[in-house]
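A.B. asks: First the structure, then my questions, so here it is.
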Amino acid sequence: MNTHLAGIFPRSGGLEARRSTTLTLTMALLALLAVAGIVAGIHSLVAGHEHTFGVSRGVPWGILIATYVFFVVISTGLCIVSSIGHVFGFKEFMPIAKRAVFLSIVNISTGFLVIAFEIESSWRMVVGNVVGANLTSNIWWMGTLYGFYLVLMVVEFVMLQKGRHGLASACGLAVLLTGIAANSNLGAVFGLLNGQWFWQGPYMPIYFVTSAATSGAVAIIFYTVLAYKVNGWQMSEAMKQSLGSVARLAVLMLAIIVFFTFWRTVAGVTGSAPGRHEALLALLNGPYRFNFWAGEVLLGLVLPLVLLLATRGRNINVLFVATLIAMVGMFFMRYDLVILGQLVPPYHGMGLVDYPEFYSYSPTLHEQLVVVGGAAFCGLFFLLGERFFRGHLVDSH
Amino acid sequence: MNDKDVQRREELGPDRRQEISSLERRALLKLGFAISGVFLGGSVLSLVSVRKADAAGAPVIGGYPYNPHYTMVIRERHCIDCELCKEACVKTNGVPAYGYRTTILEKRRALEEGKFETTFMPVLCNHCNNPPCVRVCPTTATWKDKTTGIVGIYRPSLCIGCKTCMTACPYNARYFNEERRAIDKCDFCFASRLSKGEKTTACAAACPADVRVFGNLADHGDRVYRLLHAPETLIWVLRPETGAVPNVFYVNT
Ligand code: SF4
Ligand code: SF4
């Protein structure tokens, strides 16, 4: 047993994590926030969402679904960027591969943790998903595939740690395919709902996979630089070059998302699909305009693109700022996508009296605690990962 | 369905109502009608008798998919918003205060200057022939019964509360029941009445204005059949564009 573990947890080599009071306190704080989030989540399940969450009959999916989407899309993306190096053999992407695999596990686990509180009778999932399996349901496929994905990902990571590279990259390929299948099904959960015109459309699964690749590239830069900063490590030339390559990928992917966003907007504004038009107006010039222009466009797309292009991905500090704000922007994208898709009531435009033109939703304290708790959980395991896996260094053989 | 459409169609008169595209014809067929008629403006449809449809060379499809094919016809303009149907539903089916299985919406349309006409529009689960809620449910907690066509939460113990069906339903017919920890919705009173031998739903039985007519569309002698096949009747359904193929029909006769 011990020798097995020793193979997984390196005792020496790699980078020694910094041991400072500030770092310990930070970790303690993250742990506390995570526990608070979990307690709030459990309470919401016991007391019922009716009394604890802002979700309603009209808007049954709230910020926790958005948060789930945020984390699992990042996880899939990290899996994609890790595979470029250690499955497909592109050397430039090697140095980030191990960290990406580990964080992919952390991010998907965070996603699962958060959604367990949004699914109001989530404890029935274990039995229900097996006994009642519905093969026409995208959400069934998404959940099942992501379940396998998590397991395979752990196997892949263990193989990587043990230096069994052949097995690890075979595993990596399986994980990649499962992850992409799961992720596109998540897109289909939204895209295949006729009658929810803001979501509906065959491009949704493709948009999700593209978003994943974008998030993955952005997130691995963010996490890597953060790891080096908090631990005071010196970045090797190889790692710097690697980050530069990832940054170029990030620029390309961000540009594609700009393209998507632009055409979705134009199509929605010029088209007359009932509901989509109204939702888009709310986004462009209504109650969600701050989210869209400041969150999605400025933080999520324009600023990161400008910063990455201006420094050509070479300045580490700029890389960090660019990816940090891009992550914030991405959260806005997920939030707006999930919430706005539900805001136009089904019987709108029929001249109804006392009937809202828009539903409204705002997250309650319980929901906010779960979101913060999830982020803290993710942050804590990121820091622990750096410590126990000694900077996730990739050996050169 | 837009109320203005009904008004406009009514003003058009029977002759002009025949001007329909093949697309609209197909949409009507998809609704599962044995008799084809005219389907107007993408949302208003009008049926003619079998004989007339045949004579007109309109396509006819065979029968209704279920038997009994439970259907509700809402005679909308007769609704007075007394809400006795809601009360009866709540009592019969143990619906909690925060939820509803059926409700009444209020429509207002402008007549000549300064005058309005108010109509009340009862809504409930449409027991769709192509129910999006059923397709998305990961655990098959909800399905459409093969005999009756009633969409219900037949296995609440499998409902995980993911609420995907709520987002999928084009009619906002579902709510999460905190006591049962599962989704609840109109089941045409199957559990509370039909399965015990009653012939109609609690809401239809309670309505003093005879607005809600419940019955078997596959039975040519049934009142719902006759209401829906009366010549030159304007019939419409809600949100036909979603392709859910609803089984709650609205008329003003
Ligand atoms: S909430 Fe329940 S009934 Fe609805 S889709 Fe989820 S598991 Fe199925
Ligand atoms: S109205 Fe909604 S709940 Fe009822 S069958 Fe159709 S989709 Fe399902």
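The values are calculated or read from the model by the stated rules, or taken from the named source; none is laboratory data. These figures come from a predicted structure and were not determined experimentally. Here the Cβ is made from the backbone with ideal geometry for all residues, glycine too, and neighbour counts use every protein chain on show.
A.B. asks: Could you pull out the residue among B:Arg101, B:Arg135 that is in a loop (DSSP other than H, G, I, E, B), at pLDDT 95 or above and charged (D, E, K, R)?
C.D. replies: Of the residues listed, the single one that is in a loop (DSSP other than H, G, I, E, B), at pLDDT 95 or above and charged (D, E, K, R) is B:Arg101.
A.B. asks: Say whether the condition of being away from ligand 2 (no atom under 16 Å from the Cβ), surrounded by 24 or more Cβ atoms within 10 Å (Cβ to Cβ) and over 21 Å from A:Ala188 (Cα atoms) is met by at least one residue in region A:113-123.
C.D. replies: Yes, region A:113-123 contains at least one residue that is away from ligand 2 (no atom under 16 Å from the Cβ), surrounded by 24 or more Cβ atoms within 10 Å (Cβ to Cβ) and over 21 Å from A:Ala188 (Cα atoms).
A.B. asks: For region A:4-29, which residues satisfy the criterion of being in a loop (DSSP other than H, G, I, E, B) and closer than 18 Å to A:Leu160 by Cβ?
C.D. replies: Correct list: A:Phe9, A:Pro10, A:Arg11, A:Ser12, A:Gly13, A:Gly14, A:Leu15.
A.B. asks: Something else: Looking only at region A:350-369, which residues are in contact with a strand residue (DSSP E or B) (Cβ under 9 Å, 6 or more places away or on another chain) and small (Gly, Ala, Ser)?
C.D. replies: Within region A:350-369, A:Gly351 is the sole residue that qualifies.
A.B. asks: Given the options B:Thr102, B:Thr119, B:Thr92, name the one that is within 13 Å of ligand 2 (Cβ to nearest atom), surrounded by 15 or more Cβ atoms within 10 Å (Cβ to Cβ) and of a type in the set (S, T, N, Q).
C.D. replies: The match here is B:Thr102.
A.B. asks: Those residues that are among the charged types (D, E, K, R), farther than 17 Å from B:Leu124 by Cβ and within 11 Å of ligand 1 (Cβ to nearest atom), I need them from region B:172-187; list them, please.
C.D. replies: Scanning region B:172-187 gives B:Arg180, B:Arg181.
A.B. asks: Any chance region A:161-180 includes a residue that's more than 30 Å from A:Leu305 (Cβ to Cβ) and in contact with a Ser or Thr (Cβ under 6 Å, 6 or more places away or on another chain)?
C.D. replies: no
A.B. asks: Follow-up. Based on what the data block shows, is A:Ala375 modelled with pLDDT of 95 or more and touching a Ser or Thr at 6+ places or on another chain (Cβ under 8 Å)?
C.D. replies: yes
A.B. asks: Away from ligand 2 (no atom under 16 Å from the Cβ) and not in a helix (DSSP H, G or I): does that describe A:Glu156?
C.D. replies: No: the conditions fail for A:Glu156.
A.B. asks: Right, something else. Of the residues B:Ala218, B:Ala209, B:Ala244, which single one is within 16 Å of ligand 1 (Cβ to nearest atom) and either in contact (Cβ under 8 Å) with a residue 40 or more places away in the chain or part of a helix (DSSP H, G or I) (or both)?
C.D. replies: Exactly one of B:Ala218, B:Ala209, B:Ala244 is within 16 Å of ligand 1 (Cβ to nearest atom) and either in contact (Cβ under 8 Å) with a residue 40 or more places away in the chain or part of a helix (DSSP H, G or I) (or both), namely B:Ala244.
Matching residues to (1) more than 11 Å from ligand 1 (Cβ to nearest atom); (2) in contact (Cβ under 8 Å) with a residue 12 or more places away in the chain; (3) surrounded by fewer than 24 Cβ atoms within 10 Å (Cβ to Cβ); (4) of a type outside the set (Lys, Arg):
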| site | (1), (2), (3), (4) |
| --- | --- |
| B:His127 | yes, yes, no, yes |
| B:Val136 | no, yes, no, yes |
| B:Ala141 | no, yes, no, yes |
| B:Ser157 | no, yes, yes, yes |
| B:Pro170 | yes, yes, no, yes |
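A.B. asks: Go through region B:201-210 residue by residue and tally those that are over 23 Å from A:Tyr355 (Cβ atoms) and either surrounded by fewer than 18 Cβ atoms within 10 Å (Cβ to Cβ) or within 7 Å of chain A (Cβ to nearest Cβ) (or both).
C.D. replies: Summing the residues that are over 23 Å from A:Tyr355 (Cβ atoms) and either surrounded by fewer than 18 Cβ atoms within 10 Å (Cβ to Cβ) or within 7 Å of chain A (Cβ to nearest Cβ) (or both) in region B:201-210 gives 3.
A.B. asks: For region B:195-222, which residues satisfy the criterion of being under 20 Å from B:Cys125 (Cα atoms) and modelled with pLDDT under 95?
C.D. replies: Correct list: B:Asn216, B:Leu217, B:Ala218.
A.B. asks: What's the total number of residues in region B:176-200 that are of a type outside the set (A, V, I, L, M), more than 9 Å from chain A (Cβ to nearest Cβ) and within 15 Å of ligand 2 (Cβ to nearest atom)?
C.D. replies: 8
A.B. asks: As an exercise: evaluate B:Ile74 against (1) facing chain A (nearest Cβ under 9 Å); (2) among the β-branched types (Val, Ile, Thr); (3) outside any helix (DSSP H, G or I) and give the number of the one condition it does not meet.
C.D. replies: (1)
A.B. asks: Let me ask something else about it. Which ones in region A:17-51 are of a type in the set (D, E, K, R) and over 28 Å from the mean Cα position of the chain (by Cα)?
C.D. replies: A:Arg19
A.B. asks: Take the residues of region B:225-253 that are of a type in the set (Ser, Thr, Tyr) and within 14 Å of chain A (Cβ to nearest Cβ): which is farthest from the chain's Cα centre (by Cα)?
C.D. replies: B:Thr242
Here's the yes/no breakdown for (1) assigned to a helix (DSSP H, G or I); (2) among the polar types (S, T, N, Q):
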{"site": "A:Pro287", "(1), (2)": "no, no"}
{"site": "A:Asn291", "(1), (2)": "yes, yes"}
{"site": "A:Leu299", "(1), (2)": "yes, no"}
{"site": "A:Arg314", "(1), (2)": "no, no"}
{"site": "A:Val321", "(1), (2)": "yes, no"}
{"site": "A:Met330", "(1), (2)": "yes, no"}
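A.B. asks: Check region B:109-119 and report whether any residue there is assigned to a loop (DSSP other than H, G, I, E, B) and either under 22 Å from the mean Cα position of the chain (by Cα) or within 7 Å of another protein chain (Cβ to nearest Cβ) (or both).
C.D. replies: Taking every residue of region B:109-119 in turn, none turns out to be assigned to a loop (DSSP other than H, G, I, E, B) and either under 22 Å from the mean Cα position of the chain (by Cα) or within 7 Å of another protein chain (Cβ to nearest Cβ) (or both).
Condition check ((1) within 14 Å of chain A (Cβ to nearest Cβ); (2) hydroxyl-bearing (Ser, Thr, Tyr); (3) within 16 Å of ligand 2 (Cβ to nearest atom)) across all residues:
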position	(1), (2), (3)
B:Thr164	yes, yes, yes
B:Arg174	yes, no, yes
B:His220	no, no, no
B:Arg223	no, no, no
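A.B. asks: Given the condition more than 8 Å from ligand 2 (Cβ to nearest atom), touching a Pro at 6+ places or on another chain (Cβ under 6 Å), within 8 Å of chain A (Cβ to nearest Cβ) and of a type in the set (A, V, I, L, M), answer yes or no: does some residue in region B:128-149 qualify?
C.D. replies: No, region B:128-149 contains no residue that is more than 8 Å from ligand 2 (Cβ to nearest atom), touching a Pro at 6+ places or on another chain (Cβ under 6 Å), within 8 Å of chain A (Cβ to nearest Cβ) and of a type in the set (A, V, I, L, M).
A.B. asks: Residues in region B:225-241 that are more than 16 Å from ligand 2 (Cβ to nearest atom) and not in a helix (DSSP H, G or I): how many?
C.D. replies: The number of residues fulfilling the criteria is 6.
A.B. asks: Given the options A:Phe102, A:Phe53, name the one that is touching a residue at least 40 places away in the same chain (Cβ under 8 Å), within 16 Å of ligand 1 (Cβ to nearest atom) and of a type outside the set (A, V, I, L, M).
C.D. replies: It is A:Phe53.
A.B. asks: Here is a check on your reading of the model: is B:Gly152 within 14 Å of ligand 2 (Cβ to nearest atom), touching a strand residue (DSSP E or B) at 6+ places or on another chain (Cβ under 9 Å) and free of Cβ contacts under 8 Å to residues at least 60 places away in the same chain?
C.D. replies: Yes, satisfied.
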